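Participant: Structure in structure tokens, see below.
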Amino acid sequence: MPLPVPLPGVLPALGSPPRYQRHQPEKTLLYRIVEQHYPTFLAHLEAEGRTLPEHVRQEFTDYLRCGRLEHGFLRVRCESCHHEKLVAFSCKRRGFCPSYGARRMVESAALLVDEVLPVRPIRQWVLTVPFPLRFLFAAYPELMGRGLGIVTRAISTHLAHQAGFSKREALTGAVTLIQRFGSALNLNIHFHMLFLDGVYVQDDCDHYGFRHTPLPTIEQLHDLLQVISQRVARFLERRGILERDEDNSYLTLDGLAEDPLKDIHGYSVTYRVAIGPQQGRKVFTLQTIPPQPEPSPGHARVAKLNGFSLHAGVAARAHQRRKVERLCRYISRPAISEQRLSLTPTGKVRYELKTPFRNGTTHVIFEPLDFIARLAALVPKPRVNLTRFHGVFAPNSKHRAAITPSGRGKGSKSKQAVTHHDDKAPAERHAAMTWAQRLKRVFQIDIETCEKCQGPVRIIACIEDPAAIRQILEHLRKKESVDSQAQLPPERAPPQLRLFDPM
Ligand SMILES: [Zn+2]
Ligand SMILES: [Zn+2]
């Protein structure tokens with residue numbers, strides 16, 4: 001069994017008065033909603049002869065155990081003063097858990113900046129797809145992968161031509177983060193692609209020169225989107241999934257394996273209620289501000305066509321590495337912001353949009369059971385990779401080692417050559433960087449040194465045996481009731497509260 005990974009809770013101490021209260025996930029609103037309504041949701045489905053796939057059930061079960069000392073922990077002790085604390089395990093599930101989602105966000109951003117993206121200009125391209133494709137991509141990841149391939153090839157060709165080369169001569173590179181959610185917690189599979197904002201060309205001596213490409217014009221975005229939507233449609237037609245007659249085109253899923261989540265996905269994609277008496281109706285929304293005018297097309301730098309949209313307005317120059325890291329964090333952020341979640345006086349779940357919709361909508365409101373259906377729709381299928389590398393960043397690219405900071409990949413130079421400037425190559429530094437170190441890097445939260453004496457701390461035990469867990473927690477509770485709570489500093493905010501708004 002792999003060692004569970006500790007959450008960065010700030011924890012009570014053993015053998016000395018607790019200095020800080022642990023972040024208690026069971027007290028968050030999201031946790032309480034799931035704990036209260038998930039069993040009813042399951043019962044409802046069963047009553048209708050429906051069921052949830054195993055990986056979605058597992059996600060809920062693990063979420064309810066995540067960060068709770070009752071389900072096991074690490075004992076960590078200071079080597080100088082022997083002060084102890086407990087660190088609870090995380091669920092390591094990528095559907096909707098905000099704490100693990102926050103951790104993944106930080107890790108994947110650090111990994112992309114340290115190991116993958118070279119010190120070159122980077123541009124974010126965002127492609128959204130029509131409702132039927134969102135549904136198709138959620139249920140059939142292989143089709144999503146093919147669709148993404150079409151998109152990245154089209155953009156690569158555009159960049160090569162912009163730089164004055166043929167597709168064959170120029171080397172492009174991109175990382176795609178596949179996001180599954182929209183701001184209203186709706187299922188909205190879309191692609192955030194971080195492209196090198198230019199191309200590499202190799203000279204006769206195998207040196208790589210970099211040519212920066214200009215910002216795409218709105219006309220170029222339109223042309224690209226035209227190419228993309230036609231190629232995706234042709235691909236689906238060839239696969240027998242898209243039928244077209246003179247006026248219309250529609251998807252036909254007859255040839256594909258039935259997806260057990262198809263209803264829940266379908267309702268989530270189209271902003272409709274998935275369960276209960278309101279099933280099929282539009283999700284209730286609140287408009288609390290006046291409708292906003294459409295921005296002028298040139299200003300928005302976004303093209304729209306046939307339900308697709310393509311945006312390329314955000315970029316970072318080569319030296320703006322912090323901006324790149326912020327961008328990476330933004331696009332790998334968790335689906336749910338707990339700060340924007342609340343209950344209405346009648347017990348409905350209210351979620352505030354990060355940015356109001358153009359029609360003035362600022363909140364969406366769910367019946368609790370429908371909210372659980374939303375969460376279920378956000379859980380990706382097992383083994384579907386949501387981070388993809390293209391062109392020179394692809395794992396099998398022969399250029400990867402020469403271009404990426406990690407220097408790893410096919411044809412990588414000897415370790416000597418890579419480590420020439422520094423004690424350790426970035427890849428090694430990265431591998432050596434623990435979660436604790438990363439927390440320190442990003443949030444100045446330190447769980448590696450003792451909070452009492454700043455001495456080094458060490459993991460002394462991994463407690464998973466239920467009897468041992470009970471015994472230790474019992475001991476702690478007794479101590480806590482003896483110690484004066486009034487002397488405790490105020491509870492620290494859980495780190496994810498500061499994670500959600502990195503832009
Ligand atoms: Zn200490
Ligand atoms: Zn979790």
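The values are calculated or read from the model by the stated rules, or taken from the named source; none is laboratory data. This is a predicted model, so every value here is computed, not measured. Counting neighbours? That spans all protein chains shown, and the Cβs are built from the backbone with ideal geometry, glycine included. The accessibility values were calculated without ligands, DNA or RNA, using every heavy atom of the protein model including side chains. Shrake-Rupley method; radii C 1.70, N 1.55, O 1.52, S 1.80 Å.
Participant: Which one of Ala174, Ala170, Ala102 is within 16 Å of ligand 2 (Cβ to nearest atom) and under 28 Å from Gln320 (Cβ atoms)?
Facilitator: From the options Ala174, Ala170, Ala102, the qualifying one is Ala102.
Participant: Also, quick follow-up: Does segment 159-182 contain any residue that is touching a residue at least 12 places away in the same chain (Cβ under 8 Å), open to solvent by less than 40 Å² (accessible area, probe 1.4 Å), among the charged types (D, E, K, R) and out of contact with any Cys (no Cβ under 9 Å at 6 or more places or on another chain)?
Facilitator: yes
Participant: Of the residues Ile228, Ile275, which single one is in a loop (DSSP other than H, G, I, E, B), surrounded by 15 or more Cβ atoms within 10 Å (Cβ to Cβ) and under 28 Å from the mean Cα position of the chain (by Cα)?
Facilitator: That would be Ile275, the only listed residue that is in a loop (DSSP other than H, G, I, E, B), surrounded by 15 or more Cβ atoms within 10 Å (Cβ to Cβ) and under 28 Å from the mean Cα position of the chain (by Cα).
Participant: Taking the stated definitions as given, is Val283 closer than 23 Å to Val379 by Cα, under 25 Å from the mean Cα position of the chain (by Cα) and open to solvent by less than 80 Å² (accessible area, probe 1.4 Å)?
Facilitator: So Val283 passes the test.
Participant: Looking at segment 149-158, which of its residues are more than 12 Å from His390 (Cα to Cα) and open to solvent by 30 Å² or more (accessible area, probe 1.4 Å)?
Facilitator: Hit for segment 149-158 is Thr157, nothing else.
Participant: Exactly one of these conditions fails for Glu325: (1) under 29 Å from the mean Cα position of the chain (by Cα); (2) among the acidic types (Asp, Glu); (3) modelled with pLDDT of 80 or more; (4) surrounded by fewer than 18 Cβ atoms within 10 Å (Cβ to Cβ). Give me its number.
Facilitator: Condition (4) is where Glu325 drops out.
Participant: Quickly run through segment 254-267 and pick out the residues that are in contact with a helix residue (DSSP H, G or I) (Cβ under 8 Å, 6 or more places away or on another chain) and not basic (Lys, Arg).
Facilitator: Once the filter is applied, which keeps residues that are in contact with a helix residue (DSSP H, G or I) (Cβ under 8 Å, 6 or more places away or on another chain) and not basic (Lys, Arg), segment 254-267 yields Leu256, Asp259, Leu261, Ile264, His265, Gly266, Tyr267.
Participant: Please go through segment 159-195 and pick out each residue that is in contact with a Phe, Trp or Tyr (Cβ under 8 Å, 6 or more places away or on another chain) and farther than 19 Å from Asn385 by Cα.
Facilitator: Leu159, Ala170, Leu171, Thr172, Ala184, Leu185, Asn186
Participant: Separate question: Mind telling me which of the residues Leu52, Leu74, Leu111 ends up being outside any strand (DSSP E or B) and open to solvent by less than 20 Å² (accessible area, probe 1.4 Å)?
Facilitator: Only one candidate qualifies: Leu52.
Participant: Also: Name the pairs: first residue in segment 38-65 and among the basic types (Lys, Arg), second residue in a helix (DSSP H, G or I), Cβ to Cβ under 9 Å, at least 6 apart or on different chains?
Facilitator: Every condition considered, the pairs that remain are Arg50/His44; Arg50/Asp263; Arg50/Ile264; Arg57/Leu42; Arg65/His71.
Participant: Now a separate question. Would you mind finding the one in Phe357, Phe366 that is open to solvent by 50 Å² or more (accessible area, probe 1.4 Å) and not assigned by TED's automatic domain parsing to the domain that holds Gln124?
Facilitator: Phe357
Participant: Scan segment 449-474 for residues that are charged (D, E, K, R) and more than 12 Å from ligand 1 (Cβ to nearest atom) and jot them down.
Facilitator: If the condition is that a residue be charged (D, E, K, R) and more than 12 Å from ligand 1 (Cβ to nearest atom), then Glu464, Asp465, Arg470, Glu474 are the ones that fit.
Participant: Scan segment 138-148 residue by residue and report those that are in contact with a strand residue (DSSP E or B) (Cβ under 8 Å, 6 or more places away or on another chain) and open to solvent by 10 Å² or more (accessible area, probe 1.4 Å).
Facilitator: If the condition is that a residue be in contact with a strand residue (DSSP E or B) (Cβ under 8 Å, 6 or more places away or on another chain) and open to solvent by 10 Å² or more (accessible area, probe 1.4 Å), then Gly145 is the only one that fits.
Participant: Next up: Is there a residue in segment 27-44 that is touching a His at 6+ places or on another chain (Cβ under 9 Å) and more than 14 Å from ligand 2 (Cβ to nearest atom)?
Facilitator: For segment 27-44, residues touching a His at 6+ places or on another chain (Cβ under 9 Å) and more than 14 Å from ligand 2 (Cβ to nearest atom): absent.
Participant: Identify all residues within segment 77-95 that are more than 16 Å from ligand 1 (Cβ to nearest atom) and either of a type in the set (Val, Ile, Thr) or surrounded by fewer than 22 Cβ atoms within 10 Å (Cβ to Cβ) (or both); write none if there are none.
Facilitator: Those that are more than 16 Å from ligand 1 (Cβ to nearest atom) and either of a type in the set (Val, Ile, Thr) or surrounded by fewer than 22 Cβ atoms within 10 Å (Cβ to Cβ) (or both): Lys92, Arg93, Arg94.
Participant: Continuing with this model, one more query. When Ala257 is evaluated against the numbered criteria (1) open to solvent by 80 Å² or more (accessible area, probe 1.4 Å); (2) without any contact (Cβ under 8 Å) to a residue 60 or more places away in the chain, which criterion, by number, is the only one it fails?
Facilitator: (1)
Participant: Still on this structure, please answer the following. Restricting to segment 77-96, name every residue that is assigned to a strand (DSSP E or B) and either aliphatic (A, V, I, L, M) or within 16 Å of Glu35 (Cβ to Cβ) (or both).
Facilitator: Leu86, Val87, Ala88
Participant: State whether the residues of segment 3-13 include one that is of a type in the set (A, V, I, L, M, F, W, C), within 16 Å of ligand 2 (Cβ to nearest atom), at pLDDT below 50 and surrounded by 14 or more Cβ atoms within 10 Å (Cβ to Cβ).
Facilitator: Yes, the conditions are met somewhere in segment 3-13.
Participant: Kindly provide the set of residues from segment 204-225 that are open to solvent by less than 80 Å² (accessible area, probe 1.4 Å), of a type outside the set (Phe, Trp, Tyr) and more than 30 Å from the chain's Cα centre (by Cα), ordered by number.
Facilitator: Gly209
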